[in-house]
Ligand SMILES: [Zn+2]
């Protein structure tokens, strides 16, 4: 199984930074921040398709996706969160959590990655990660979801 969500190798590091571990998932800050606050929530175990998760795993995982989506929404002051599950090329079950704002980039349609990336400095990623984690921490506390932050400079 050649999967970068499982091996956590340099292919993954080129695309995203680890932000937090929850019970069922791991949360990453996407390096391309043209939608500021964009994250990925990946299932801890390797599964390819939604029906391959156990009921407990699916319920727990999506509770965590919901907490992350709410945190991203608060951080980005989003008008809508797009949650996307694709996985054609990287099949490991994961959800893209992408904040959208009315009238701004790609509003009214699906977000796409076929336009120029917006990469930031490590200090900028750290600042976004810290702010997102602060939001996520509050939400997880209110829902009794255990949160283990992973961001370095927090
Ligand atoms: Zn995997």
What strands (runs of 3 or more DSSP E) completely inside region 1-91 contain at least 3 residues that are touching a strand residue (DSSP E or B) at 6+ places or on another chain (Cβ under 9 Å), within 14 Å of the ligand (Cβ to nearest atom) and in contact (Cβ under 8 Å) with a residue 12 or more places away in the chain?
-> 25-30, 39-43
Of the residues that make up region 104-127, is at least one at negative phi, touching a strand residue (DSSP E or B) at 6+ places or on another chain (Cβ under 7 Å) and crowded, with 18+ Cβ neighbours inside 10 Å?
-> yes
Answer with yes or no whether residue 127 is assigned to a helix (DSSP H, G or I), farther than 23 Å from residue 43 by Cα and within 17 Å of the chain's Cα centre (by Cα).
-> yes
Exactly one of 46, 96, 35 is crowded, with 21+ Cβ neighbours inside 10 Å and either modelled with pLDDT of 95 or more or over 16 Å from the mean Cα position of the chain (by Cα) (or both), and that residue is 35
Counting only residues that are part of a loop (DSSP other than H, G, I, E, B) and within 16 Å of the ligand (Cβ to nearest atom), which one in region 92-110 is farthest from residue 67 (Cα to Cα)?
-> 92
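The values are calculated or read from the model by the stated rules, or taken from the named source; none is laboratory data. Note that the coordinates shown come from a computational prediction; the quantities given were computed from them, not determined experimentally. Methodologically, a virtual Cβ is constructed for each residue, glycine included, from the backbone with ideal geometry; neighbour enumeration extends over all protein chains shown.
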